[in-house]
Structures are given as structure tokens and as C-alpha cells.
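Here's the structure, in C-alpha cells; my notes come after.
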Amino acid sequence: MTQAKADNPSAKGKPRRRRRLLFRLIAVFFGLFVAFVLGEIAVRLFVGSPLAEHEPLMVVRANPYRGYEMMPSTPHYTYHYPVQINALGLRGPEVEAKKPGEVRVFALGDSMTYGQGVADDQTIPAVAQQTMTAQSNDSGRTFTVVNGGVRGYATNQELGMLRELGPTIDPDVIILFWYWNDLNDAPIADVNATFERSGPVVFETKAKIEGWLWVKWQVRALLRRSALIMWLHDVYRGLSQPKVDTAGMDAGVKRFQSHLGEFRALAAQQNASLLVAIVPDPTSLRGEHMSDVYRAKIAAICTEQRVPVIDLLHSAKEADAGGYRLPVVPFDGHFNADANAAMGKATAKFLLEHLQGAHTSP
């Protein structure tokens, strides 16, 4: 029987076929590995390297004025940057009682104002405060810019924050940083009820990261370390995104008219000036974006209601070095430290000019 197998050509060929199949599989895997490495290098060169996420992540809880708020005195990370959260649940140092000669600015906004992906001193409000302090000719004045930006906020939530925290912060100037997706109002009552039931949760997951969710989060964090995977994900998301609801956006413009009137009334009650700063979409730095028309509409509404307004597009463009990369956090979409610095300096100039005009007006 053994001799018969030895003389059988098909029996002799089986080990050879297995070896050839094994070599082919190794070649395929090696080719895929080389392609992945080359793709990873190319994406990192042309787009950038993704930032690793660190824990603890941002924790939020219910808030009846805004739907949710950051947990007070609970620091977290935005990627690898530590974020200080004060007792009011805002990013930055504690807000002390106003000192003589202090000019206090309350900056309201969303994640662009909060400063997603940058350090505490690299946000637009932080840079504005640094610049105002450096450029002021009045040695008797000090400047404090309180960062009221919260990730995911819409204009009606920013209005709720002013209504809730304005009397405590006691601002001289209120500046609303408007971004085009703020046109979609948040269902504040429903969001508040949801977080009342769940208790404090992680913002990214809307749940406590534990058990199987913790495992899924760790896998996600690992995949996010690959520039190629993140790039493919962004391409897929861009292709699968639904069309912009222009009717909903137009309705949001009408709501903004009403919201701005409420902002003006609250500012008057709090004996503060109201300004608006329009933050552009990063895509607008290189060409047309669908939000351009809405930026113009919001600016026109502000002018109509006699609210000083600045469009930060030109200053953001100053931070654009050209090439393949926009001045944004890689695979995140928020402006990076360079763009925030340019917009923060423009905001400081806008604020100082307003304060100078208010000081000299009869």
C-alpha cells in the first residue's frame, strides 16, 4: 500500500500544491502589507497623522437650559491635550469675582469655540485674551475672555447658556461665535430628559464606557491610529452623506433672526454689548462651500439688527500655508492651533476696536 502511494503522481503532487498555495498566500499578504504601509506613508505625508485619543473623555450631564453641560470641575482630554474644566462647567480657569478695571468677555459657541483638538491656550477665546492683553494701550484695564464653547451646541443652547450663566459671569461684552451647522436648533427639553434618565455619560458614546462598550471603544481608538483607515473612512462618509436640507437651513436663518433678538434683550438686561463673529467652514478657505451663502445671510441679519459682526474667513485664510493640507486637525475637521491663532487675533482687534468706540462714544 505504501509503495502504491509512492508511485501515485497525484499523491506526490499534493505537498507541492500545498506549498505553492502557501507561497501564494504569503505573497498576497506581503503585497497587501506593503500596499498598506505605502498607503499609510502617503496619507500621512499629504493629509497628516491622526491624533491619539486619551482618557478620560469628556463627560456631560443634564442641563434644563441647554440640554446638557460639561461636568463641572471634571477635566478631560481632547486627543492628547488636557482640558481644564472649571466649576461652571466651562473650559478654562475658574471665573473669579470681577476685579476693578477688568473687562470681561463671554464667548459663546460650539466645538470651534471650545477648541476641539487644541490646547487650552490655543483656543480662539484664549488667543483673543492673550492678544488683547498684549495690545491694549490702557495699563489700567485687564481682559478676561471666558470660553463658553461646548461641543455640539447650537444657537438656542448658546442662548440658554447666556440666560443661565450670564448673571454669574457678569460680562461687559458678549460675543457669539456662529458656525453654519448652528442653524439646526437642538431639542433642549428632550435632550435634558434623556440625560436625566441616564445620568452623567461620555459625550462621544452618550453612555458610560464599560463592559462591551469599553472593548469597542478600545478597538475604535486603535483603528483611529491609522491614517489610511481614517482617510478611507472619511472618503466613505463623504460619499454617503445625505444632501443638505436647504429648506431646514433657510428655516434656521429665520430662527436666528428671532434668537438674535433674544440675545440683544439678554445683553441689555446684563448691561453688556453684543457682538457676532462668523467662523467659516475650512473648505471655504480654498473655494466655494454651501455654507458661504448662509454666512452672508447671518452677517446681513446682524447688520440689520445693528449688531457688530466680523467674518473670520480672511483671518483663517492667513493661516493656510497652501499645499494639500488645510489648517485643520487631521481627520477631525476643526481648525488647528495656527488657524485659531489667526482668528483669535482678528477677534481681539474686533473687540478692542469695539471697546474703544464704546469708550469714546458720547
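The values are calculated or read from the model by the stated rules, or taken from the named source; none is laboratory data. In this text the structure is predicted, and so the values were computed from the model without any measurement. Every residue, glycine among them, receives a Cβ derived from its backbone with ideal geometry; neighbour counts consider all protein chains shown. Only protein heavy atoms, including side chains, enter the accessible area calculation; ligands, DNA and RNA are left aside. Shrake-Rupley method; radii C 1.70, N 1.55, O 1.52, S 1.80 Å.
Figures for the structure shown
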quantity: Candidate set: the range 206-227, residues that are free of Cβ contacts under 8 Å to residues at least 24 places away in the same chain and of a type in the set (V, I, T); chosen: the one least open to solvent (accessible area, probe 1.4 Å); calculated: V215
quantity: Residue that is modelled with the lowest pLDDT [pool: residues in the range 318-352 that are charged (D, E, K, R) and over 24 Å from V105 (Cβ atoms)]; calculated: R325
quantity: Residues that are open to solvent by 50 Å² or more (accessible area, probe 1.4 Å) and either of a type in the set (F, W, Y) or at pLDDT below 95 (or both), drawn from the range 141-156; calculated: R141, T142
quantity: Breaking point among (1) out of contact with any helix residue (DSSP H, G or I) (no Cβ under 8 Å at 6 or more places or on another chain); (2) more than 23 Å from G101 (Cβ to Cβ); (3) surrounded by fewer than 15 Cβ atoms within 10 Å (Cβ to Cβ), for V329; calculated: (3)
quantity: Long-range neighbours under 7 Å by Cβ, at least six apart or interchain, first residue within 17 Å of T246 (Cα to Cα) and open to solvent by less than 30 Å² (accessible area, probe 1.4 Å) within the range 176-201, second part of a loop (DSSP other than H, G, I, E, B) and among the acidic types (D, E); calculated: Y179/D110; D182/D110
quantity: Search result, residues across the range 236-261 that are open to solvent by 60 Å² or more (accessible area, probe 1.4 Å) and closer than 30 Å to I209 by Cβ; calculated: Y236, R237, L239, S240, Q241, P242
quantity: Looking only at the range 231-248, and only at residues there that are among the β-branched types (V, I, T) and in a helix (DSSP H, G or I), the one that is nearest to F331 (Cα to Cα); calculated: V235
quantity: Which listed residue is within 19 Å of the chain's Cα centre (by Cα) and free of Cβ contacts under 8 Å to residues at least 40 places away in the same chain, from P75, P100, P93; calculated: P75
